[in-house]
Amino acid sequence: MKRVILGIILISLSMSNFAQTTNDVLNLLIKNKSITQAQADSVRAEAAMRQQEMDANKKSYFATTGRPFQMTGYTQVRYQFQQQTGKIDGFDIRRARLDFQGNVNPWFSYRLLSDFASSKILLDAFGEIKLNDYLTFTIGQAKIPLSLENQVPDRQLELADRSQVVEALVARSTDVIGNQNGRDIGVQAGGSIWKYANRFLVDYQIGLFNGAGIDVADNNNNKDLSGRLVVHPLNGLGIGGSFYSGTGFYGTPTATNHVRNRTGLELNYENHRLLVRSEYINGKDGAVNRSGWYAETGYFLIPARFQLLLKYDTYDPNTAVSKNAITDYVIGGTYHFNHWSKIQAAFTRIKKEASTKTNNYGSIQYQITF
């Protein structure tokens, strides 16, 4: 009899919580006078020992959380070969990210995105309040609404590297305020309006930000304003513009407050095989004017598998200085093994107006997601 009771309990244990299910089953048996209290205590002890054995042999566990959430992530492993004297070829872990997203209810959601590659850094940390398709509020640390390419996630880029002008003027690697991964802390509103033929004709975003970057307190009393507007006259086509108006605390040898403004124009067309994308961005950092643009095209020679890519990318870090521009000519390709794994390869020929040195480089990058 005891073995039968224990078997029933062990089956229950595999279906529900141990403590609650064991007591419920035993109390019901005692109430129906099927077993005595002493028998119940003996079964509890043996069931507890069996549960410990089951836990010891488990290979995975469920996480107990306040609400359901989705966890995804990806790793990018890169090999670079350099033609510039003094630079060393080699492998690196470019990105290693964990992404947590969830919905509290149909109106409230959140996201936490962290990178564990070169240094542990918090990228996204925000909550969203979605009233409808026309209006969503984003509060916290997120991408600023400036530039089309800035909105494309790193794991979805067609080429492994972003454009020079985006890196320099959209709070990325060579911006005067340092590499903020295109993000800042603040509040923004956005949405899509005027629906026609099952698509929205206009997307918009506008936000107010500290202007100091990610995961830090503001360093001046000025708050920065940024916005982006994109119209879709045809299916797959987007034409738009964006701006950033702010004050940055930067400079050497002593950092002070300077104007940090940007304006941009963008065009993007995509269908199941063809990609055409271009952007122009102008920036003013203090008394220095900077500008650049790129044009990129891609075509799937093998649908959904192999994409051939070409890019012209030019940037002038100071328009008042002659022969100062840098132009990249890029040819590359991406092969998608499936929806969670791909390999990207590209060769970049660099032409500097002020130098005849060879700075060309190539890269191969493997990405796997989960």
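The values are calculated or read from the model by the stated rules, or taken from the named source; none is laboratory data. Quantities reported herein were computed from a predicted structural model and do not represent experimental measurements. Cβ: placed from backbone, ideal geometry, glycine included. Neighbour counts: every protein chain shown.
Quick one: what pairs do we get from segment 258-275, first residue closer than 27 Å to Thr334 by Cα, second crowded, with 16+ Cβ neighbours inside 10 Å and among the hydroxyl-bearing types (Ser, Thr, Tyr), C-beta under 7 Å, 6+ apart or different chains?
Filtered contacts from segment 258-275: Leu265/Tyr280; Leu267/Ser278; Leu275/Thr297.
Kindly list the number of the only condition in (1) touching an Asp or Glu at 6+ places or on another chain (Cβ under 6 Å); (2) hydroxyl-bearing (Ser, Thr, Tyr); (3) at positive phi that fails for Ser147.
Failing condition for Ser147: (1).
How many of the residues making up segment 129-166 are of a type in the set (Lys, Arg) and not in a strand (DSSP E or B)?
Within segment 129-166, residues that are of a type in the set (Lys, Arg) and not in a strand (DSSP E or B) number 2.
Take Val259 and tell me if it is under 18 Å from Asp316 (Cα atoms), aliphatic (A, V, I, L, M), surrounded by fewer than 16 Cβ atoms within 10 Å (Cβ to Cβ) and modelled with pLDDT of 95 or more.
Judged against the criteria, Val259 is not a match.
Go through (1) closer than 30 Å to Gly298 by Cα; (2) surrounded by 15 or more Cβ atoms within 10 Å (Cβ to Cβ); (3) among the aliphatic types (A, V, I, L, M) one by one and return the number of the condition Ile214 breaks.
Unmet condition: (1).
Name the strands (runs of 3 or more DSSP E) wholly within segment 298-355 that hold at least 1 residues that are more than 23 Å from Arg94 (Cα to Cα), of a type outside the set (D, E, K, R) and without any contact (Cβ under 8 Å) to a residue 24 or more places away in the chain?
Passing ranges, in order: 306-316.
Hey, any hits in segment 312-324 for a residue that's out of contact with any strand residue (DSSP E or B) (no Cβ under 6 Å at 6 or more places or on another chain) and closer than 29 Å to Gly211 by Cβ?
yes
Can you give me the number of residues within segment 85-121 that are exposed (fewer than 14 other Cβ atoms within 10 Å of the Cβ) and touching a residue at least 60 places away in the same chain (Cβ under 8 Å)?
2
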